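Laboratory data are not the source of any read-out in this text; all were calculated from the coordinates shown. These figures come from a predicted structure and were not determined experimentally. All Cβ positions, even for glycine, are placed from backbone atoms using ideal geometry, and neighbour counts span all protein chains on display.
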Amino acid sequence: MKKIIAEFIGTAVLVILGCGTAMLVGCDAAMGCGYLLTALAFGLVIVGMAYCIGNISGCHINPAVSLGVFINKGMSLKAFCGYVGAQFLGALAGAGILAAIFGLGSITDLTGGFGSNGLAGVNGNIFAGLLVEIILTFIFVLTILGVTSKKAKHGSFGGLIIGLTLTLVHIFGIGLTGTSVNPARSFGPAIVAIFTGNFEPIIYLWIFIVGPFAGAALAAVTYKFLEKKNS
């Protein structure tokens with residue numbers, strides 16, 4: 001139960017600070033400062049949470065990460081379901097807190113949807129959006145599996161490495177899809193955005209669920225193959 005609670009809290013914090021920063025500074029590629037601040041916000045949350053709840057739950061705070069760990073037999077099916085449920089609920093709670101802070105339809109929300117994801121950067125191209133999310137999640141989850149491997153020799157820098165990798169994939173992906181690589185992170189803001197009359201995030205939400213899960217599964221299979229060959 002403590003692991004479930006930790007995942008709930010961690011995912012809520014990710015949405016509050018990551019999406020909250022995006023709401024304040026915007027994610028327009030033309031606005032370099034806001035673009036980088038948003039990427040750093042998501043990355044730094046992972047660093048902080050990794051050293052905060054990492055020793056309790058492993059700090060997945062992302063259903064795609066949990067899927068990768070599950071496929072690599074790092075957790076049971078029961079634990080996987082519990083983690084994913086907690087992550088989705090945590091993201092929804094985080095988005096709800098943002099709504100309480102900013103107010104529904106707030107003019108300070110520069111993203112127009114509580115930091116939700118979209119396809120504006122790829123001109124509405126569903127295939128391109130899926131491809132971006134699959135590739136970025138693949139990179140992110142592959143890094144996590146490598147860093148958390150028993151063979152890894154990085155000392156106590158694992159959380160920093162993972163956080164910097166998330167920052168990197170955000171720098172590339174924000175201008176394209178807003179960078180999800182996390183189904184729960186996309187779910188919470190999309191649901192809350194409905195109450196503002198903005199239905200676009202919920203229409204495209206499936207992309208930010210299917211893409212990250214597909215990328216995570218591919219990363220898990222790939223890492224299992226590479227690790228086996230390297231043993």
Check: Can you give me the pair-distance distribution of the range 94-140, C-alpha pairs, 10 Å bins, whole percents?
Finding: 23, 35, 30, 11
Item checked: Contour minus Cα-Cα distance for Lys2 and Lys228 (0.36 nm per residue) -> 78.1 nm
Next item on the list: Mind pulling the per residue volume of the convex hull built on the Cα atoms of the range 10-132? Å³ is fine.
Entry: 122
Notebook entry, point to check: If eta is 0.692 mPa s and T is 37 °C, what Stokes-Einstein diffusion coefficient results for the range 2-230, Kirkwood Rh from Cα pairs, in µm²/s?
Noted result: 192
Notebook entry, point to check: Per residue Cα convex hull volume for the range 151-221, in cubic angstrom?
Noted result: 106
Margin query: Sort 35-44, 141-150, 177-186 by the packing proxy (mean of other Cβ within 10 Å over each peptide's residues), most packed first.
Written below: 177-186, 35-44, 141-150
Notebook entry, point to check: Can you give the calculated 222 nm mean residue ellipticity of the chain, where each DSSP H run of n ≥ 4 adds -39,500 (n - 2.57) and the sum is split over every residue, rounded to the nearest 500 deg cm²/dmol?
Noted result: -23500 deg cm²/dmol
Item checked: Non-local Lys pairs in the range 2-230, i.e. 8 or more apart or on different chains, that have alpha carbons under 17 Å apart -> 12
Next item on the list: Measure of size requested: the Rg and Dmax of the range 54-94, with Cα atoms as the atom set and Å as the unit; please supply both.
Entry: 9.8, 29
Note to self: Suppose a student asked you for the relative contact order of the range 2-230, using Cα pairs under 8 Å spaced at least 6 residues apart; what percent would you report?
What the structure shows: 31
Margin query: Please give the charge dipole size of the chain, origin at the Cα centre, charges +1 on K and R Cβ atoms and -1 on D and E Cβ atoms. Round to the nearest 20 debye.
Written below: 1080
Check: Stretched out fully, how many nm does the piece from Lys151 to Ala128 gain, at 0.36 nm a residue minus the Cα gap?
Finding: 4.8 nm
Notebook entry, point to check: Taking the Cα-to-Cβ direction at Ala120 and at Val221 and moving 7 Å from each Cα, how far apart do the two end points lie in nm?
Noted result: 3.5
Check: Roughly speaking, what is the centre-to-centre gap between the range 162-231 and the range 79-101 when only Cα atoms are used, to the nearest Å?
Finding: 15
